[in-house]
Amino acid sequence: MPDIFDEIQEDLRAERAQRLFKRYGWLIIVFAVAVVGGTAYWELHTRALAQADAAAANRYIAAINAIESGPAGAPHTAWQLLEHMRIAQNDILEFSRNPDHKSPPWPDGYWPSFDAPPDAKAWDATIKAFQKDARDLDELVQNARQDLFKPFAHGDGQTLLRQALLVATHNSYHLGQFMFLKKMLTAKT
């Protein structure tokens, strides 16, 4: 049987709880709203980051595909242009410094036989070879013992100056094609 003192004590506890709620209830509500709101914000923020990551991944995949196959309407892929520039620049350099040099067959020997590099290392190797050949040609032109205007004995009137200008104009032309590819890619993303 419940004791009168138990009932009084329970009434006092209830009264104390009401007073505490009246005094601090708003803090409990604010805390609850903050927890729910913070959780909702975190979920939305995480979802937005995931969507941004997915969009970036899609752009990356599209760029890789465009490098390998080229965007629709582009005559060459980025790999074909880069490798072509390397082959042509190397041929001009070697012709300029080696009378026994044999040029690749025209025009097929100046273009890679595939649209994409065989592996990721091929990109780096081609870039390094292109840069090395550019430095070597620069050194050849800067060499005070070289006569820029004297025709090569092994050529048909070509001079070192003509060959250097040929490299400059050829690379400039294809750099423009790279910019065209970039414009096509950025227009789609």
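A short reminder: the numbers here are calculations on the coordinates, not readings from a lab. In this text, all values refer to a predicted model and were calculated from it rather than measured experimentally. Ideal geometry is used to build each Cβ from the backbone, glycine not excepted, and the neighbour counts take in all protein chains shown.
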Practice problem: Could you check which residue among Ala122, Ala40, Ala88 shows the biggest mean-square fluctuation in a GNM of the chain with a 10 Å Cα cutoff? | Solution: Ala40
Quiz item: Which one is right for this structure if percent of Cα pairs over 19 Å apart is calculated from it: [x] 74; [y] 64; [z] 59?
Solution: [x]
Quiz item: Under the classification rounded if a/c is under 1.5, otherwise prolate if a/b is larger than b/c and oblate if not, where does the range 5-112 fall, given a ≥ b ≥ c as square roots of the Cα gyration tensor eigenvalues?
Solution: prolate
Quiz prompt | Reach of Lys132 by Cα under 19 Å, taken over aspartates and glutamates that are not fewer than 8 positions away in the same chain | solution = Glu83, Asp91, Glu94, Asp124
Self-check item: Among Glu139, Glu15, Glu43: highest mean-square fluctuation, GNM of the chain, C-alpha pairs under 10 Å
Solution: Glu15
Quiz item: Dipole of the range 73-188, Cα-centred, from +1 at each Lys and Arg C-beta and -1 at each Asp and Glu C-beta, to the nearest 20 debye?
Solution: 360
Quiz item: Picking from Gln146, Gln89, Gln18, which is most flexible by a Gaussian network model of the chain using Cα springs under 10 Å?
Solution: Gln18
Self-check item: Acute angle (nearest 10 degrees) that the helix 120-142 long axis makes with the longest principal axis of the chain, alpha-carbon atoms
Solution: 50
Exercise. Sort Met179, Met184 so that the residue with the fewest other Cβ atoms within 10 Å of its own Cβ comes first and the one with the most comes last.
Key: Met179, Met184
Quiz item: For Arg13 and Leu49, what is the calculated FRET efficiency with R₀ set at 41 Å and r taken between the beta-carbons, to the nearest 0.05?
Solution: 0.30
Quiz item: Non-local amide H neighbours of Gln158 (under 5 Å, H modeled in plane, Pro and chain starts lacking H): which ones?
Solution: Phe152
Quiz prompt | Cα long-axis angle, helix 4-69 against the chain (0 to 90 degrees, to the nearest 10) | solution = 10
Quiz item: Roughly how many nanometres apart are two label points built 7 Å out from the Cα toward the Cβ at Asn58 and Trp106?
Solution: 4.7
Exercise. Filter the chymotrypsin sites (Phe, Trp or Tyr not before Pro) in the range 121-189 to those in DSSP coil with at most 14 other Cβ atoms within 10 Å of their Cβ, and list the result.
Key: Phe149
Quiz prompt | Candidate aspartates and glutamates - alpha carbon under 20 Å from Lys22, same-chain residues fewer than 8 apart omitted | solution = Glu10, Asp11
Quiz prompt | Farthest positive-ward along the range 1-69 dipole, Cα basis, beta-carbon charges - from Gly38, Ala54, Tyr24 | solution = Ala54
Practice problem: Multiply the residue gap between Arg23 and Leu161 by 0.36 nm, knock off their C-alpha separation, and tell me the result in nm, one decimal place. | Solution: 40.6 nm
Quiz item: Once the Cα atoms of helix 160-188 and of the chain are each reduced to a long axis, what angle between those two axes, in degrees from 0 to 90 to the nearest 10, is obtained?
Solution: 30
Practice problem: Evaluate the charge dipole of the range 1-51 about its Cα centre and quote only its size in Debye, nearest 20, assuming +1 on the Cβ of each Lys and Arg and -1 on the Cβ of each Asp and Glu. | Solution: 480
Exercise. Determine the shape class of the range 131-170: with a ≥ b ≥ c the square roots of the Cα gyration tensor eigenvalues, call it rounded for a/c under 1.5, and otherwise prolate if a/b is greater than b/c, oblate otherwise.
Key: oblate
Practice problem: Could you work out the longest stretch of the chain that avoids the trypsin sites (Lys or Arg not before Pro) located in DSSP loops with at most 16 other Cβ atoms within 10 Å? | Solution: 1-101
Quiz item: Between Thr39 and Asp138, 0.36 nm times their residue separation minus their Cα-Cα distance comes to what?
Solution: 29.5 nm
